[in-house]
Amino acid sequence: MADEKSKAIRFSDGEFLAASEGGEIVRSSPTSVVVVAGMARSGKTTLVGELYGLFHKGPFAGHIFAGSRTLPGFERRCHLARLCSEREVPDTERTGFGESHDLLHLRLAAPNGTRSDILFSDIYGEAFHIAADSADECRKITILKRANHVAILVDGKKAVDKPERQRAFAGPDSLLRQCLDSGMLDINSNVQIVLTKWDLVAGQGDAFINDKFEWLIERHCNRLATLTVHKTALRTNGPICAGLGMDELLQTWITVQSRYVIPPTVDNNLYHSEFDRLDATWQVALNRRYHD
Amino acid sequence: MTEPDDFQCLMVGLPRTGKTTFLAALWHVVRSDEVPDSLRLDRLEGDQEYLNLIADQWSQCKELDRTSGGEIKVDIRLRDPSTGHLVRLRIPDMSGELYESLWQTRTCLISFLDLVNAVDGCLLFVHPAKIRETAWIDEANATYSQWQQENQEEPKVETPGSDAETTGTDWEPRFAPTQVQMVEILQFLTQNSVKQFRIVVVISAWDLVKELVSPEQWLKKQLPLLWQFLTANTDRFTVTYMGVSAQGGEVTGQNSETETLLDHNMASRRIRICASNEEGNDISLPIRWLMSN
Ligand SMILES: Nc1nc2c(ncn2[C@@H]2O[C@H](COP(=O)(O)OP(=O)(O)OP(=O)(O)O)[C@@H](O)[C@H]2O)c(=O)[nH]1
Ligand SMILES: Nc1nc2c(ncn2[C@@H]2O[C@H](COP(=O)(O)OP(=O)(O)OP(=O)(O)O)[C@@H](O)[C@H]2O)c(=O)[nH]1
Ligand SMILES: [Mg+2]
Ligand SMILES: [Mg+2]
């Protein structure tokens with residue numbers, strides 16, 4: 001008996017949620033599943049990590065922080081932007097291939113007390129380069145089908161760099177096109193085009209950026225439920241403070257959620273990969289999601 | 001003779017946050033009868049060696065030793081003078097290292113979880129001078145260049161957002177800000193339980209807080225993530241905030257106020273409690289709040 005009591009218990013490591021754990025959350029409370037897509041180094045991990053970081057300073061976007069099951073995962077991702085990393089310039093570590101099925105979890109509460117869970121993907125950039133080139137590869141990013149929101153990032157730094165700026169928009173355009181043509185996104189999907197690193201961009205190339213935004217909307221809006229454009233800064237730089245544009249984006253994510261809890265049934269023949277195997281239960285629940 | 005009800009209290013706090021000092025001052029107050037409305041010692045029961053030891057050190061205005069090795073059992077049989085109610089307060093002195101390792105190693109003993117399951121109320125300790133803040137590089141850089149401008153120095157050339165090679169120190173759990181560690185500890189404590197937790201957030205060494213703010217306002221400003229977490233989960237937590245100066249002032253270092261603190265004829269007059277609607281010397285107030293319905 002005394003032996004039993006002196007045994008140690010281990011809590012989950014909190015680095016990420018496996019898809020099955022994400023499924024539990026989706027089934028038990030109003031949840032937004034947000035896939036953050038974009039080319040390598042476009043700012044995906046920073047967007048998610050520093051959104052969590054904004055709550056370290058206080059309530060944000062009319063919401064307060066109500067918990068997270070992945071605190072170490074967030075802290076690790078924010079590390080290179082913190083003084084304890086002993087760096088002089090903030091950075092974010094590149095997401096590894098192995099981390100690409102990880103989900104990060106944030107729970108927020110509105111002033112009236114209602115809580116929302118948000119699950120974020122943190123997929124490495126190369127996966128989207130490959131997906132933009134091939135329908136088969138695109139279909140491997142199965143979480144796209146379960147997403148309530150897909151944020152496609154445009155690297156702001158490249159958008160104002162003459163040799164790079166066409167590619168900065170062409171990449172996200174072909175990715176979106178591929179997702180639609182391969183059936184991973186459809187008329188029920190909500191997509192946000194997000195120009196990142198606004199703190200490095202402000203005041204430059206506005207006309208070009210706005211033209212490109214309009215071009216993207218014209219090309220794709222008829223095939224989606226919603227397509228909106230946003231500009232964000234997640235670093236403080238001169239007059240621009242980290243968090244700019246995130247208020248609006250967060251509101252967008254919170255307003256459309258999975259609201260129905262459906263008991264899962266699993267068909268074993270549907271598995272394509274180990275990842276699918278892991279989260280097949282969740283997929284079934286979410287394939288039948290409803291919108292407001 | 002009536003048997004007292006048991007009341008299990010859990011002191012939660014990272015290392016050096018004032019748990020033992022609180023307990024020492026509490027022991028002084030309940031047995032000295034110096035504070036009119038405080039809980040009183042009903043009669044001695046069991047072993048008081050540890051309490052007498054820490055209360056002795058406290059009465060000399062000494063800094064108390066770190067508590068090591070998990071927990072030290074403390075039971076005190078108390079009477080509430082206003083109601084006559086008898087209660088056996090079970091308030092083990094907890095080592096801050098236990099909570100630190102809860103965050104760093106994400107393990108704890110089953111016996112600790114049993115204690116958590118039996119808890120009737122929590123004291124959550126925060127020490128104003130022991131806070132690791134969330135510190136961003138870009139904010140520090142911004143402050144630095146503003147300072148340079150004001151002092152008319154040449155600003156150094158910055159290359160913000162450069163995809164510089166990742167160098168510097170690798171992440172370790174101990175780097176996490178205090179507020180993150182505290183939130184995770186509370187998530188662990190409540191994870192396997194459905195009950196409502198009554199919590200007094202004790203801001204210890206309240207004498208160090210010079211601004212004119214309420215303890216809740218102070219926490220909201222200094223540890224916003226923890227404050228939001230407690231506020232957002234009212235279905236799990238019933239919370240109140242108190243500033244507690246158990247020593248009454250600094251007892252070590254250059255700013256030591258030991259001389260003046262020792263001047264008090266009644267040692268309990270050193271103590272200061274600041275609750276939302278009352279102030280005084282009654283350090284049993286947090287316990288009385290936990291016991292009230
Ligand atoms: N100035 C500035 N830099 C940013 C911002 N967002 C991201 N960055 C920087 O852009 C670089 C890439 O950011 P990441 O978040 O790692 O990009 P990612 O899309 O996750 O990259 P992969 O994981 O490699 O695909 C890092 O050096 C970040 O510090 C921003 O809003 N402003
Ligand atoms: N200024 C001031 N300092 C205090 C007060 N109470 C405690 N301290 C200081 O806070 C520090 C920690 O006090 P302890 O009571 O030993 O803390 P603890 O939480 O028991 O620490 P562990 O046993 O290591 O977990 C010591 O340096 C105390 O002197 C106070 O009222 N005022
Ligand atoms: Mg990344
Ligand atoms: Mg101690």
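The values are calculated or read from the model by the stated rules, or taken from the named source; none is laboratory data. These numbers were taken from a predicted model, which means no experiment stands behind them. Here Cβ is always computed from backbone atoms with ideal geometry, including for glycine, and neighbour counts include all displayed protein chains. Ligands, DNA and RNA are stripped out before the accessible areas are found, and what is left, the full protein with its side chains, is counted by its heavy atoms. Shrake-Rupley method; radii C 1.70, N 1.55, O 1.52, S 1.80 Å.
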| Conditions (1) within 11 Å of ligand 4 (Cβ to nearest atom); (2) assigned to a helix (DSSP H, G or I); (3) open to solvent by 20 Å² or more (accessible area, probe 1.4 Å); number of the one not met by residue B:63 | (2)
| query | residue A:199: among the charged types (D, E, K, R) and under 17 Å from the mean Cα position of the chain (by Cα), yes or no? | reply | no
| remark: Over region B:215-239, the set of residues more than 16 Å from the chain's Cα centre (by Cα) and away from chain A (no Cβ under 14 Å) is B:238
| field | Checklist (1) away from chain A (no Cβ under 14 Å); (2) modelled with pLDDT of 95 or more applied to residue B:103, failing item | value | (1)
| query | So, in region B:88-101, of the ones that are buried (at least 20 other Cβ atoms within 10 Å of the Cβ) and more than 12 Å from ligand 2 (Cβ to nearest atom), which residue ends up farthest from the chain's Cα centre (by Cα)? | reply | B:89
| said: Given the options A:6, A:85, A:116, A:12, name the one that is within 16 Å of ligand 1 (Cβ to nearest atom), in contact with a helix residue (DSSP H, G or I) (Cβ under 9 Å, 6 or more places away or on another chain) and within 14 Å of chain B (Cβ to nearest Cβ). | reply: A:85
| remark: Taking region B:27-56 and keeping residues among the basic types (Lys, Arg) and within 14 Å of residue B:86 (Cβ to Cβ) leaves B:40, B:43
| message | Just the residues that are closer than 28 Å to residue A:50 by Cα, at the interface with another protein chain (Cβ under 7 Å from one of its Cβ atoms) and in a helix (DSSP H, G or I), please, taken from region B:106-149. | response | B:137, B:138, B:139, B:140, B:142
| Within region B:250-270, which residues are assigned to a helix (DSSP H, G or I) and open to solvent by 70 Å² or more (accessible area, probe 1.4 Å)? | B:259, B:260, B:262, B:269
| request: Among the residues of region B:30-55, write down those that are assigned to a helix (DSSP H, G or I), in contact (Cβ under 8 Å) with a residue 60 or more places away in the chain and of a type in the set (Ser, Thr, Tyr). | output: B:32
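Yes/no matrix, rows are residues, columns are (1) within 15 Å of the chain's Cα centre (by Cα); (2) open to solvent by less than 10 Å² (accessible area, probe 1.4 Å):
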| position | (1), (2) |
| --- | --- |
| A:45 | yes, no |
| A:52 | yes, yes |
| A:55 | no, yes |
| A:64 | no, no |
| A:68 | no, yes |
| A:71 | no, yes |
| A:93 | no, no |
| A:99 | yes, no |
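Of B:210, B:156, B:195, which residue is modelled with pLDDT of 90 or more and in a loop (DSSP other than H, G, I, E, B)?
Of B:210, B:156, B:195, the one residue that is modelled with pLDDT of 90 or more and in a loop (DSSP other than H, G, I, E, B) is B:210.
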| helices (runs of 4 or more DSSP H) contained in region A:129-181 and holding at least 2 residues more than 12 Å from ligand 1 (Cβ to nearest atom) and not hydroxyl-bearing (Ser, Thr, Tyr) | A:135-140, A:143-146, A:165-181
| query | Checking residue A:41 against (1) in contact (Cβ under 8 Å) with a residue 60 or more places away in the chain; (2) assigned to a loop (DSSP other than H, G, I, E, B); (3) within 11 Å of chain B (Cβ to nearest Cβ); (4) buried (at least 21 other Cβ atoms within 10 Å of the Cβ), which single condition isn't satisfied? | reply | (4)
| Filter pass, residue B:27 being away from chain A (no Cβ under 14 Å) and outside any loop (DSSP other than H, G, I, E, B) | yes
| query | So residue A:29 fits all but one of (1) open to solvent by 10 Å² or more (accessible area, probe 1.4 Å); (2) under 22 Å from residue B:188 (Cα atoms); (3) modelled with pLDDT of 95 or more; what number is the exception? | reply | (3)
| Is it true that residue B:68 is more than 16 Å from ligand 1 (Cβ to nearest atom), more than 14 Å from chain A (Cβ to nearest Cβ) and modelled with pLDDT under 95? | yes
| Which of the residues belonging to region A:93-113 are at the interface with another protein chain (Cβ under 9 Å from one of its Cβ atoms) and either within 13 Å of ligand 3 (Cβ to nearest atom) or within 18 Å of residue A:252 (Cα to Cα) (or both)? | A:93, A:94, A:107, A:108, A:109
| Residues of region B:229-239 that turn out to be in contact with a strand residue (DSSP E or B) (Cβ under 8 Å, 6 or more places away or on another chain), closer than 24 Å to residue A:56 by Cβ and surrounded by fewer than 23 Cβ atoms within 10 Å (Cβ to Cβ), as a count | 6
| message | Being more than 14 Å from chain A (Cβ to nearest Cβ), within 16 Å of ligand 2 (Cβ to nearest atom) and β-branched (Val, Ile, Thr): is that true of residue B:76 here? | response | no
| In region B:1-23, the residues that are surrounded by fewer than 16 Cβ atoms within 10 Å (Cβ to Cβ) and either of a type in the set (S, T, N, Q) or modelled with pLDDT under 95 (or both) | B:1, B:2, B:3, B:5
